[in-house]
Amino acid sequence: MKKNVILYLLLMLSAGTYAQKFTISGFISDAGSGEKLISATVYDANTMRGTISNNFGFYSLTLPKGKVKFTVSYVGYKSFVLDTDLQKNMKLNINLTQSIELEEVVVTDNKVQKQVESSQVSVIELPVKTLNKLPVLFGEVDVMKTIQLLPGVQSGNEGTSGIYVRGGGPDQNLILLDGVPVYNVNHLFGFFSVFNADAISNIKLMKGGFPARYGGRLSSVIDIKMKEGNNKKFKATATVGLISSKLTLEGPIKDENTSFIISGRRTYIDLLIQPLIATLGATQGALASGGYFFQDFNAKINHRFSDKSRIYLSAYTGKDKLYAKLTELYDGSIFRTNFGLEWGNLTSTLRWNYVFNDKLFSNATLTYSNYTFDTPIEYYIKEKLFDSFKTESYSLKFLSGIRDYAFNYDVDYIPIPEHYIRFGVSNTYHIFKPGVNTFKYKSVDASQNRDTLYGNSNIYANEYSAYAEDEFSMFGNRLKFNAGLRFTGFFVKQKFYNSFEPRISVRARITNKFSFKLAYSEMSQNLHLLTSSTIGLPTDLWVPTTLNIPPQYSKQIAGGLFFNIKDIVSLNFEGFYKTMDNLIEYKDGSDFFSQNVDWETKVEIGNGLAYGGEVYIEKKIGRITGWIGYTLSWSTRTFKNINFGKPFPYKYDRRHDISIVATYKLNDNIDFGMTWVYGTGNATTLALQKYAVPTSVLDIVGNSKFDYYGSNYYGDYTSPSTVDYYESRNSYRMPAYHRLDLSANFHKKVKRGTRTWSVGVYNAYNRKNPMFLNLEFSQVTSKYNLVQYSFFPIIPSISYRFEF
Amino acid sequence: MKKNENYILLILAAIFILSGSCRKIIPVDLSPKDRKMVVNSVMTTNMVEARISLSIGLNDNSQSIVYLSSATLALYEGKTKIGNLNNGSDTLAGYYRLDNLNLKYETRYTLKLEDAKYGSLTATTQIPRPVQIDTIVQSTQTIGSLDGYTNETFLFAIQIKDSPNQDNYYAITDTILQKVYDYNYETQTDTFYMAKNVAWSMDTQDPASDGSVRYLFLFKDDLFDGKTYSFKINIDKYSFNDTTESEFYLINFSKEYYLYLRTMSAQSDQDNISIILGATPVQVYSNVEGGFGFFGAYSLSSKTIQVIGDNYYPLE
């Protein structure tokens, strides 16, 4: 049996090698900026054998010698066609020029057909250009909020950037920025994400059918690539918005071999509200200041040593800071309080691409990532005592975070067009800081001074992985497979966990315009996110698998039908069934703020189940572009000690989820954007009844020997108290969520460049969508009311953008 | 200039919207269709007692507890009726009791409640076999507090032998023979007497600890099923007047009673802010079918030791 398999593999590898063959290889770039084009289609139009460019724009296509119609295409670009007589290996770097999009049908890379051809299921590439055209909250272009509009992806609460893919949790998304995991993607409690769209070149979302090269999370991979920087000419883009401004600079250094990009963004809410806070403080007789801001900074530089060798260095740093200072002066004494919340990410990547030969491409990466959350609180007192002063100060600080050092080595080997082989290894060293408190006290009397550290100690862990996968086609490309295996090991606190994760996907092309796909993947995850909030609070703790908390594990089957309608519209139907084991949740009554310092004692371990169907209709070409997404899904959780062991709906179990996204280009100067979303209300838990329970233990009416001093001294234990009755966890549904956003962009070529005015309306028909529900007692009617709190009514926005 | 002013106003309006929130009352009928009967009942080998009331709808006109004193409440072993509980208290409405029983350990008993107006309900539980305390080892431990100060406490390791192949649900507490002052308001004088009272300054960091209710530390045998285990509690040394008796109690709860106590305590400890921020409210466990409340059982064992205290308040 084993011999047969080896023989088969050898036959597969040698298929088509009887005729003499030559290889055309090189990089595909944008002619205007030099940016590498990812997933561009490369094929011989005579034989229709082809491949696609990889994440670094590299391609390799081996063809029989003789006449070929070598063609390269990419959506929005004019195709490159070369008729040649292939008699030797060729190095061919190709620069594609952008096409005019107004034409109804332009000669483009057929992205519609690519959906039908690809062996991958549940993958959507998000065009970055579309991001700037869509209406957004406060005019802030947001990558994560646009991803929320795709089928299979659910948003969390109103206005937040959290995403929940196919019933998974927010920690189950591997969000990569230039290959580095970003742990906290939220600014301003989740209302904005950390990704600055001006610095991004490519976004890919995977919800299932994961290739073996991806791992470490259960539910999705969001692969975000930063721009490399224009290597043809210097370019600047500045945007001034309602709450923030952005500036991006990019260009070549000396020559086309080296280019850079830097991009920064900062909000100015704090500067604007400073006078208000000072005035409020003055009315209370105090000096007050405070505010909130977030900022991001992206930078990348790359240098091409030769056609074979290129190096990249990229970095991202972002920070949120909420701060308040209050100083009170009273009869010569000073009382000062400082309070803050600070959190942020720092990621950096050093990458080396090396082309060994025209069929073998390698990518070595060193990465560093650090996420910290810090809550400094300080008190300073200088108290006047007759003729002297008594000075003392306290400070209390909570610090948590996660730090990673990683090395990855990936190889692409393309022996023949029928096979695309990838393999690689990686190692990540994690340092988890689940929460440390420092307490300092300083006074005149040095013997009273304190400097104490307490809380959870750091946890050190090493994560290894290795993978191999082959994407191969058979029967004249009618059948295409991606088969792979990933090994993951995790070493923590003298305990070693490992898993082998098989991945397979298959595409059967029924006709040229219609294919059927099926995929099975197993995923493991050695990190958990302990979260008790529904908004993106930085108090969410990243914690590792430990002796008592095993790794999360999922198995997912996904499949679907993919249609290409007249090369203009793609129509996809997908279904999925996913099981998730070893999920964690806070125990009933526990949360981040509960007193017990050991997080492991505060969690329960359980399982999850999600299944459903998705419809995705996308139009990529023409004046009107956009998509309609619909998801019908179920997502439940089962924990032994939550809901008394019975399954309950996941917080973001959403039966129906609809998104309609459209852009309309009126002419070169004006375009419009529109999104409409609808979602079944989130599941929540409400008590509509209460009932009496005894206040004593071991008996019903008091006199317990275990009440302090018996019932005669403290309280009357014959009187019962009441408890609230909750029928079941998450058994109540909030009202449905729906919202319409509109935008218009007005472009104009001016003397030195192009300026764009963008105006938009968020929540155009002023729908009051629920953020949370609360039962409140009315003194007027003497009845309880169910009160809904919403955050965002109709909100207009305006921004100004200038490019030169 | 005018343009700039307008722009600033627009910015301020946007910030105001961001910082504010919209409140809307959702028209929902919050009144439950039916009031349910509630039975809270505790059983030992020689007695069973219960109190019966009605649940209260969120929007009921009266929010006070209504007790039922005309219902029929009976205890069964399987299909065999053991007896009716008597509604024998004039002062405690809805209170029922049946004494002088000789019930068996680890046997399922069912409580059946019937009322002409509100229908019927049932609940089932069993009395766990008592588990003895093997030994109690006392030592002194220094504990650091959050503000950097340290405090000396007594650490008691209470060793028990857990029964194998069954889930056990425990609680531990301690009572101390103490001098108790009693102030007489009429005569304006202090008197004192000796009494065994629960040690109020108890704490535990034991890994098996599963919370507490009143002065009882709850724990399950998940970590030591069928094995010997020492549960550790700290008691402030000033709780002990002198060399005195300290009696430790080990309560073995039925699963139903334990889950009720654990969840009832967790719900009462949970604050509304954490729920608004997204924490899920705690459901109180109920094993009553057709109504609310609980039917639980327990058995008790104890062990007394002599503790040399700190002589802070010497016994006379």
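Distance from the alpha carbon centroid of segment B:90-127 to that of segment A:736-771 works out to 66 angstrom. Listed by chain and number, the lysines whose alpha-carbon sits under 20 Å from that of A:Lys748, ignoring those within fewer than 8 places in the same chain, are A:Lys129, A:Lys133, A:Lys235, A:Lys246, A:Lys665. Of all stretches in chain A that contain no GluC sites (Glu not before Pro) in a DSSP loop with at most 14 other Cβ atoms within 10 Å, the longest one is A:105-726. Projected label points at B:Thr191 and B:Asp225, each 7 Å from Cα along the beta carbon direction, are separated by 5.4 nanometres. Structure note, pairs A:Lys517/A:Lys578; A:Lys21/A:Lys91; B:Lys36/B:Lys220; A:Lys78/A:Lys204; A:Lys321/A:Lys587; A:Lys204/A:Lys749: Cα-Cα distances above 24 angstrom occur for B:Lys36/B:Lys220; A:Lys321/A:Lys587; A:Lys204/A:Lys749.
Estimated from the Cβ-Cβ distance and a Förster radius of 51 angstrom, the FRET efficiency linking B:Asp34 and A:Val615 is about 0.75. Summing Lys and Arg as +1 and Asp and Glu as -1 over all other residues whose Cβ lies under 15 Å from the Cβ of A:Gly340 gives a net charge of 0.
Please sort by residue number the trypsin sites (Lys or Arg not before Pro) in segment A:264-328 whose DSSP state is loop and whose Cβ has at most 13 other Cβ atoms within 10 Å. Counting only loop positions with at most 13 other Cβ atoms within 10 Å, the trypsin sites (Lys or Arg not before Pro) in segment A:264-328 are A:Lys308.
Among residues other than A:Phe58 whose Cβ falls under 9 Å from its Cβ, what is the net charge (Lys/Arg +1, Asp/Glu -1)?
0
Charge dipole (Cα centre; +1 on Lys/Arg Cβ, -1 on Asp/Glu Cβ; no other charges) of chain A amounts to roughly 2240 debye.
Between A:Thr452 and A:Ala364, the distance separating the two model label sites (each 7 Å from Cα on the Cα→Cβ line) works out to 5.0 nm. Cβ-to-Cβ counts within 10 Å put B:Phe253, A:Phe777 in ascending order as A:Phe777, B:Phe253, the fewest first.
Projecting the Cα atoms of A:Tyr405, A:Gln98, A:Gly215 onto the charge dipole of the protein assembly as shown, computed from C-beta unit charges around the Cα centre, puts A:Gln98 farthest toward the positive end. Considering only A:Ala236, A:Ala508, A:Met144, and ranking their Cα positions along the charge dipole of the protein assembly as shown that arises from unit charges at the beta-carbon of Lys, Arg, Asp and Glu, the one farthest toward the positive end is A:Ala508. Counting every other Cβ atom within 10 Å of each residue's Cβ, A:Lys517, B:Lys161, B:Lys255 order from fewest to most as B:Lys161, B:Lys255, A:Lys517. Exposure proxy for A:Leu740, A:Leu547: other Cβ atoms within 10 Å of each Cβ, ordered fewest to most, give A:Leu547, A:Leu740.
Show me the chymotrypsin sites (Phe, Trp or Tyr not before Pro) within segment A:739-768 that DSSP assigns to loop and that have at most 11 other Cβ atoms within 10 Å of their Cβ.
Answer in residue order: A:Tyr765.
Give the aspartates and glutamates reachable from A:Lys65 as a straight Cα distance under 19 Å; neighbours fewer than 8 places away on the same chain don't count. Correct list for A:Lys65: A:Asp44, A:Asp83, A:Asp85, A:Asp358, A:Glu418.
Once the chain from A:Glu803 to A:Thr283 is taken as fully extended at 0.36 nm per residue, the excess over their C-alpha distance is 182.7 nm.
Against the longest principal axis of chain A, how steep is helix A:269-283, in degrees 0 to 90 to the nearest 10, with axes from Cα atoms? So the inclination is approximately 10 degrees. Computed from label points 7 Å out along Cα-Cβ, the spacing between B:Ile308 and A:Ser721 is 4.0 nm.
Placing +1 on the Cβ of every Lys and Arg and -1 on the Cβ of every Asp and Glu, with no other charges, gives segment A:731-804 a dipole of roughly 500 debye about its Cα centre.
For the pair segment A:667-683 / segment A:363-434, the C-alpha centres are spaced 36 Å from each other. Between the Cα long axis of helix A:2-14 and the first principal axis of chain A there is an angle of about 60°, rounded to the nearest 10.
For A:Phe772, nonlocal amide neighbours, meaning residues 5 or more places apart or on other chains whose placed amide H falls under 5 Å from its own, are A:Tyr789. The string of couplings for segment B:118-126 from the Karplus curve (6.51, -1.76, 1.60, θ = phi - 60°) is 9, x, 9, 8, 9, 8, 10, 7, 9 Hz, one whole number per residue in order, with x for Gly and Pro. Counting charges near A:Leu326 (Lys, Arg +1; Asp, Glu -1) among other residues having Cβ under 14 Å from its Cβ returns a value of 0.
For Cα pairs less than 8 Å apart in space and 6+ apart in sequence, what is the mean separation divided by the residue count of chain A, i.e. the relative contact order in percent? Don't jump to the answer; show the numbers that get you there.
Working: 2296 pairs, mean separation 85.5, N = 804.
After rounding, I find 11 percent.
With helices as the sole contributors, chain A gives -1500 deg cm²/dmol at 222 nm; each DSSP H run of n ≥ 4 counts as -39500 (n - 2.57), and the sum is divided by every residue. Length gained on full extension, A:Phe407 to A:Phe777, computed as 0.36 nm times the residue gap minus the Cα-Cα distance: 127.5 nm.
Residues whose amide H comes within less than 5 Å of that of B:Phe292, counting only those at least five positions distant or on another chain, are B:Met37, B:Val38, B:Val39 (H built at 1.01 Å from N in the peptide plane).
Among A:Gly489, A:Phe361, A:Trp634, pick out the residue whose Cα is farthest towards the positive end of the charge dipole of chain A, where Lys and Arg carry +1 and Asp and Glu carry -1 on C-beta, about the Cα centre. The residue sitting most towards the positive pole is A:Phe361.
None of the figures in this text is laboratory data; all of them are computed from the coordinates on show. Remember, predicted model here, so these are calculated numbers, not experimental data. No Cβ is skipped: glycine too gets one built from the backbone with ideal geometry, and neighbour counts run over all protein chains shown.
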